[in-house]
Amino acid sequence: MHPWKVIYVSSRAEKKVAERLKEKRIECYVPMKKELKQWSDRKKMVESPLINGYVFVRPDALQRDQVLQQQGVLNYVRYNGGDALVREIEIEALKSIEAKGYFVEGHFGSDLKPGDATIIQAGPFKGLRGQVQTAGDKEIYTIVIDSIDYSLSLQLPREILKKEGKT
């Protein structure tokens with residue numbers, strides 16, 4: 001199986017680029033979120049990309065350049081001199097967030113403090129590493145996708161988190 005990579009795309013072109021790539025039989029993924037938008041006369045549920053300007057692709061060696069030839073594709077995201085690679089576990093976490101359509105509610109125990117590096121022990125995000133942070137009066141957990149320097153903030157139950165470095 002080929003690794004997941006990330007491409008930059010033109011503004012608001014994520015879905016169209018994904019359609020073009022699928023037509024070329026190039027595996028791709030655009031994580032989406034649903035949100036309630038309010039206009040002066042109505043409210044409507046709207047689907048938009050979770051990460052603006054990015055499409056995840058899994059091309060084989062021959063398809064790599066084909067990806068760049070698609071209208072709306074700007075370039076591959078680069079990391080350490082090569083194409084940024086995204087781990088399967090990170091793609092699965094994005095798919096899980098998308099499928100649920102909301103963040104998991106939870107409460108942290110007293111042994112975790114803001115700044116602690118942790119690893120998720122169970123559930124759809126098992127194996128992901130992140131950091132405990134504080135936002136207002138709520139504690140949140142941040143998952144970082146290192147290769148694209150992108151972080152997602154989730155509320156997760158304390159029971160599934162383990163401090164890094166502890167056995």
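All of the numbers you see were taken from the coordinates with simple rules; none came from a lab. Remember, predicted model here, so these are calculated numbers, not experimental data. All Cβ positions, even for glycine, are placed from backbone atoms using ideal geometry, and neighbour counts span all protein chains on display.
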Rg from C-alpha atoms of segment 4-86, normalised by the globular rule of thumb 2.2 N^0.38 Å, equals 1.23
Long-range amide H partners of Lys33, meaning residues 5 or more apart or on another chain whose placed amide H is closer than 5 Å, are Ser48, Leu50
Listed by chain and number, the lysines with an alpha carbon less than 19 angstrom from that of Lys24, same-chain partners under 8 positions apart left out, are Lys5, Lys15, Lys16
The ³J(HN,Hα) series, computed from each phi in segment 4-21 with the Karplus coefficients 6.51, -1.76 and 1.60 at θ = phi - 60°, rounded to the nearest Hz and given as x for glycine or proline, is 6, 10, 10, 10, 7, 10, 4, 4, 6, 10, 4, 5, 5, 4, 4, 4, 5, 5
The ³J(HN,Hα) series, computed from each phi in segment 40-49 with the Karplus coefficients 6.51, -1.76 and 1.60 at θ = phi - 60°, rounded to the nearest Hz and given as x for glycine or proline, is 5, 10, 6, 10, 8, 7, 10, 9, 9, x
Which residues qualify? For Tyr150, with a placed amide H closer than 5 Å and at least 5 residues away or on another chain, they are Ile145
Mean Cβ-within-10 Å packing, highest first, puts peptides 25-35, 40-50 in the order 25-35, 40-50
The extension gain from Arg87 to Ser40, computed as 0.36 nm times the residue separation minus the Cα-Cα distance, is 12.7 nm
Note on segment 4-86: contact order normalised by length, alpha-carbon pairs under 8 Å, 6 or more apart, percent, works out to 45
